[in-house]
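Accompanying notes for the structure given below.
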Amino acid sequence: MPRLFTGIEIPAAVGEQLSYLRGGLPGARWIDRDNYHLTLRFVGDVDMNVAEAIAAGLARIHRPCFALKLSQLGALGTRKPHAVVVKPTTSPPLFELQSEHERVMQRIGLPAETRKYTPHVTLARLRGAAGRDIADYLTLRGGFTADPFPVERFVLYSSRNSAGGGPYVVEEAYPLIGTEAPSARTIGRIETWHSH
């Protein structure tokens, strides 16, 4: 039974910029830069029939390419922060794409996502980090801005159920309009999905 989610990949050059933010925060478990991504819709553990339906539904999404810029460093969790993240500047095309993913999942029969969508890239998971240390870390790096990058496709990821997340595997990739691509599915056949 694969554990699935949809997302946007972070280009290597931007991932390198994000990796410079690592360190300087006791209690942080830093995410490997190969696992940086921006989640569009978490699905969870599903059987192969549902996985097939998701892959087919996503292939029917036709949205244009857009640019994304990561520039808002912060923490998730109000009373007790649990992650250091970087958020994109406001991007209507990103929210439109995410809404389309939500509609696809509901058409398949999956329950609606009840949490408000907050796009972000997780840089570190926090366990036992002191509030003062988190505030100091964010203050020191508050001016961070990554280079903007084109979003030319979204992907269907699978993941292992692990404490820190990852490794994430791109199971299917779907080009956005304006991208030259030979087909809607550029990675492979669903039958070859990794069983975790």
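Every read-out reported here was derived from the displayed coordinates using simple, explicitly stated rules and does not represent laboratory data. Note that the structure is a prediction, hence the values are computed from the model and not measured. When we count neighbours, we look across all protein chains shown, and the Cβ atoms used for this are built from the backbone with ideal geometry, even at glycine.
Applying a DSSP loop filter and a limit of 16 other Cβ atoms within 10 Å to the chymotrypsin sites (Phe, Trp or Tyr not before Pro) in the stretch 43-117 leaves Tyr117. For the stretch 69-124, the set of trypsin sites (Lys or Arg not before Pro) satisfying both a DSSP loop assignment and a count of at most 11 other C-beta atoms within 10 Å is given as Arg79, Arg115, Lys116.
Among Thr78, Thr118, Thr145, the residue with the largest mean-square fluctuation in a Gaussian network model of the chain, with springs joining Cα atoms closer than 10 Å, is Thr78. Counting Lys and Arg as +1 and Asp and Glu as -1 over every other residue whose Cβ lies under 12 Å from the Cβ of Ala67, the net charge comes to -1. Around Phe42, what is the net charge, scoring Lys/Arg as +1 and Asp/Glu as -1 over all other residues with Cβ under 10 Å from its Cβ? It works out to a net charge of +2.
Report summary: the helix-based calculation at 222 nm, which adds -39500 (n - 2.57) for every DSSP H run with n ≥ 4 and divides by the residues of the chain, gives -7500 deg cm²/dmol. Taking a Cβ cut-off of under 10 Å around Gln17, the surrounding Lys, Arg, Asp and Glu residues balance to a net charge of -1, with basic ones at +1 and acidic ones at -1. Two numbers describe the Cα atoms of the chain: Rg and Dmax, which are 17.0, 51 Å. Loop-located chymotrypsin sites (Phe, Trp or Tyr not before Pro) in the stretch 1-33 (DSSP state not H, G, I, E or B) with no more than 11 neighbouring Cβ atoms inside 10 Å: Tyr20.
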